[in-house]
1. How many residues are surrounded by 11 or more Cβ atoms within 10 Å (Cβ to Cβ) and either in a loop (DSSP other than H, G, I, E, B) or not charged (D, E, K, R) (or both) if we restrict to region 2-19?
2. Any chance region 23-39 includes a residue that's of a type in the set (Phe, Trp, Tyr), touching a helix residue (DSSP H, G or I) at 6+ places or on another chain (Cβ under 8 Å) and in a helix (DSSP H, G or I)?
3. Inside region 20-38, can you point out the residues that are aromatic (Phe, Trp, Tyr) and crowded, with 16+ Cβ neighbours inside 10 Å?
4. List, please: which pairs have Cβ atoms under 6 Å, are six or more places apart or on different chains, and start with a residue in region 1-22 that is without any contact (Cβ under 8 Å) to a residue 40 or more places away in the chain and end with one that is of a type in the set (S, T, N, Q)?
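No value in this document is a laboratory result; all are computed from the given coordinates. Nothing here was measured: the structure is a model prediction, and the numbers come from that model. Here the Cβ is made from the backbone with ideal geometry for all residues, glycine too, and neighbour counts use every protein chain on show.
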Amino acid sequence: MHVGSKGWYVEELKKRGVRNHEGRKVEKYKTYVLANLLDTHKN
């Protein structure tokens, strides 16, 4: 999987225990939304 791809972001979020956001699965979001979501969960 390429670093920075949608699949990579989904995988990284799932490693951190984030499977849903606002009642929707993370797989349904666009890449830029996942990038912002991951940024908020890194700290």
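1. As a first pass, look at region 2-19 and keep what is surrounded by 11 or more Cβ atoms within 10 Å (Cβ to Cβ): 5-14, 16, 18-19.
This time we only want the ones that are either in a loop (DSSP other than H, G, I, E, B) or not charged (D, E, K, R) (or both), so: 5, 7-10, 13, 16, 18-19.
Of the residues in that region, 9 qualify.
2. Within region 23-39, the first condition is being of a type in the set (Phe, Trp, Tyr), and the residues that meet it are 29, 32.
Retained after the next criterion (residues that are touching a helix residue (DSSP H, G or I) at 6+ places or on another chain (Cβ under 8 Å)): 29.
Among the residues that remain, those that are also in a helix (DSSP H, G or I) are: none.
No: zero hits.
3. Answer for region 20-38, where residues must be aromatic (Phe, Trp, Tyr) and crowded, with 16+ Cβ neighbours inside 10 Å: just TYR29.
4. These pairs meet every condition: LYS6/THR31.
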